[in-house]
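J.: To start, I am sharing the structure in question, which I have written as structure tokens.
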Amino acid sequence: MQVPLLDLRAQYSPLKAEILETVAELCDSQRFILGPKVEAFEQELAAYCQSGGAVGVTSGSDALIIALMVEGVKPGDEIITSPFTFFATVGAIVRCGATPVFADIDPVTFNIDPAKIAEKITPKTRGIIPVHLFGQAADMDPIMAIAKEHNLFVIEDACQAIGSEYKGKRVGSIGDYGAFSFFPSKNLGCFGDGGAVTCRAEKTDILKIFRNHGQSKTYIHEYVGGNFRLDALQAAILSIKLRYLDSWSEARQRNAADYKKLFAEAGITDDMIALPQEAAYPVRHIYNQYCIRVKNGKRDALKNFLAENEIGCAIYYPLSLHLQECFKDLGGKAGDYPECEKATSEVLALPIFGETTPEQRAFVVETIAKFFK
């Protein structure tokens, strides 16, 4: 049996006719840059995320960058974030000329530990970027309290977490901005690169100016912005897929519950594997990834064994960002962030997409049990 880590064709097939009809309409209109399709999707996204506004951009990476640009981030500024995240979170900070400052993660949620943030604040600190990793919200109340006390902005990196909730609030509606990615492998993915920034209603106009080369009128530039425009084609596809997002997220939640049952029945114990855990605070976990912790240094061997048995899996992430070569000037060294470094040696993502079958999930767990036996 083959079990891919992700099968986008299974998601696309029932939507094919609807998507192709919309694409054909757009091709006939020849309106590919911004326009009514983008505006419609922005309104739908803002409503879904319970935010005051939403602005479509070219990618999740650019969503982070444009939010930092609007806040006037410059060389000498410091931004606090997690060392356990996709490169774009920290790359955006550096590309704006600022300095990333890391705070270690909570071992249960893999998200930034609020208790570690306060000690990192200096007179140069401008903002905090908490990451809602793997589809589970970071602990936002203490983060927002720290930001308020020190007059800092907060950009939620929600690129893996659309539809996730923290105490009943959708991610992207809690901080000053939310950054979303619509990379094809995300729970809500387009047919290429795409992203969005959620924000308070009064911030939408300035974000739209920055995404279009800083011009409020044609050829009249108030700011040095960038070409961050979301394609109308991607917006049209996202509008269709957004209608199905909650059902896809619920399928992932059911699959996660099934894995928990299957692992228990297979006799897989905590000293072998730790399953994903929900936070102590109320959350809606949407499982962009289903990441187990493989104990006793056996993660890489298990990964190879699964691959030999044609089961897709992946390591998110193999090396902490403070140890990456491109950030060596920050002076990071092994041992600086022990929880993060432990996670990089243990985490392994298993197939969780909504269209996996019970037989496929059973095969995954049976194969893991076979490995340990």
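J.: Return the residues of segment 81-132 that are of a type in the set (Phe, Trp, Tyr) and surrounded by fewer than 17 Cβ atoms within 10 Å (Cβ to Cβ); say none if nothing qualifies.
T.: Passing the criteria: only Phe87.
J.: Then there's this: Could you please find all residues in segment 80-136 being in contact with a helix residue (DSSP H, G or I) (Cβ under 7 Å, 6 or more places away or on another chain) and at positive phi?
T.: Phe110
J.: Let me ask something additional. Which condition number in (1) more than 20 Å from the chain's Cα centre (by Cα); (2) of a type outside the set (A, V, I, L, M, F, W, C); (3) in a loop (DSSP other than H, G, I, E, B) is the one that Lys328 fails?
T.: Going through (1) more than 20 Å from the chain's Cα centre (by Cα); (2) of a type outside the set (A, V, I, L, M, F, W, C); (3) in a loop (DSSP other than H, G, I, E, B) one by one, Lys328 breaks only (3).
J.: Can you list the strands (runs of 3 or more DSSP E) lying wholly within segment 125-187 that have 2 or more residues being among the aliphatic types (A, V, I, L, M)?
T.: 125-129, 153-157
J.: Hey, among Ser239, Ser216, which residue is at pLDDT below 95 and over 15 Å from the mean Cα position of the chain (by Cα)?
T.: Ser216 is the lone residue from the list that is at pLDDT below 95 and over 15 Å from the mean Cα position of the chain (by Cα).
J.: I've got another one for you. Which members of segment 276-305 meet the condition of being aliphatic (A, V, I, L, M), more than 22 Å from Ala369 (Cβ to Cβ) and touching a helix residue (DSSP H, G or I) at 6+ places or on another chain (Cβ under 6 Å)?
T.: Correct list: Ile286 only.
J.: A further question follows. Mind listing just one residue for me: the one in segment 331-371 that is in contact with a Phe, Trp or Tyr (Cβ under 8 Å, 6 or more places away or on another chain) and in a strand (DSSP E or B) and, of those, nearest to Gln2 (Cα to Cα)?
T.: Leu350
J.: Please go through segment 291-321 and pick out each residue that is crowded, with 22+ Cβ neighbours inside 10 Å, not β-branched (Val, Ile, Thr) and not in a loop (DSSP other than H, G, I, E, B).
T.: Of everything in segment 291-321, those that are crowded, with 22+ Cβ neighbours inside 10 Å, not β-branched (Val, Ile, Thr) and not in a loop (DSSP other than H, G, I, E, B) turn out to be Cys291, Leu321.
J.: Restricting attention to segment 257-278, and to residues there that are in a loop (DSSP other than H, G, I, E, B) and either hydrophobic (A, V, I, L, M, F, W, C) or in the same structural domain as Tyr166 (by TED's automatic domain parsing) (or both), which single residue is nearest to Ala137 (Cα to Cα)?
T.: Here the residue is Leu275.
J.: Taking the criterion of being under 26 Å from Glu250 (Cβ atoms) and either of a type in the set (A, V, I, L, M, F, W, C) or in contact with a Cys (Cβ under 6 Å, 6 or more places away or on another chain) (or both), would at least one residue in segment 142-160 satisfy it?
T.: Yes; the residues of segment 142-160 include at least one that is under 26 Å from Glu250 (Cβ atoms) and either of a type in the set (A, V, I, L, M, F, W, C) or in contact with a Cys (Cβ under 6 Å, 6 or more places away or on another chain) (or both).
J.: While we're looking at this one, here's another question. Within segment 41-79, can you find the residues that are in contact (Cβ under 8 Å) with a residue 40 or more places away in the chain and loosely packed, with under 15 Cβ neighbours inside 10 Å?
T.: Once the filter is applied, which keeps residues that are in contact (Cβ under 8 Å) with a residue 40 or more places away in the chain and loosely packed, with under 15 Cβ neighbours inside 10 Å, segment 41-79 yields Gly52, Gly76.
J.: Tell me the residue from Tyr337, Tyr287 that is touching a Lys or Arg at 6+ places or on another chain (Cβ under 6 Å) and either within 30 Å of Met140 (Cα to Cα) or hydrophobic (A, V, I, L, M, F, W, C) (or both), please.
T.: Tyr287
J.: Here's something else I'd like to know. Quick check on my filter: what residues within segment 279-290 are more than 12 Å from Leu350 (Cβ to Cβ) and not in a loop (DSSP other than H, G, I, E, B)?
T.: Correct list: Val283, Arg284.
J.: Of the numbered conditions (1) under 30 Å from Glu119 (Cα atoms); (2) over 21 Å from the mean Cα position of the chain (by Cα), Val171 fails exactly one; give the number of that condition.
T.: Status for Val171: all satisfied but (2).
J.: I would also like to ask the following. Looking at Phe153, Phe180, Phe228, which one is surrounded by fewer than 20 Cβ atoms within 10 Å (Cβ to Cβ), touching a strand residue (DSSP E or B) at 6+ places or on another chain (Cβ under 8 Å), of a type outside the set (Val, Ile, Thr) and closer than 24 Å to Pro100 by Cβ?
T.: Among Phe153, Phe180, Phe228, only Phe153 is surrounded by fewer than 20 Cβ atoms within 10 Å (Cβ to Cβ), touching a strand residue (DSSP E or B) at 6+ places or on another chain (Cβ under 8 Å), of a type outside the set (Val, Ile, Thr) and closer than 24 Å to Pro100 by Cβ.
The values are calculated or read from the model by the stated rules, or taken from the named source; none is laboratory data. Since we're looking at a predicted model, the values are computed, not measured. Virtual Cβ from ideal backbone geometry, glycine too; neighbours counted across all protein chains shown.
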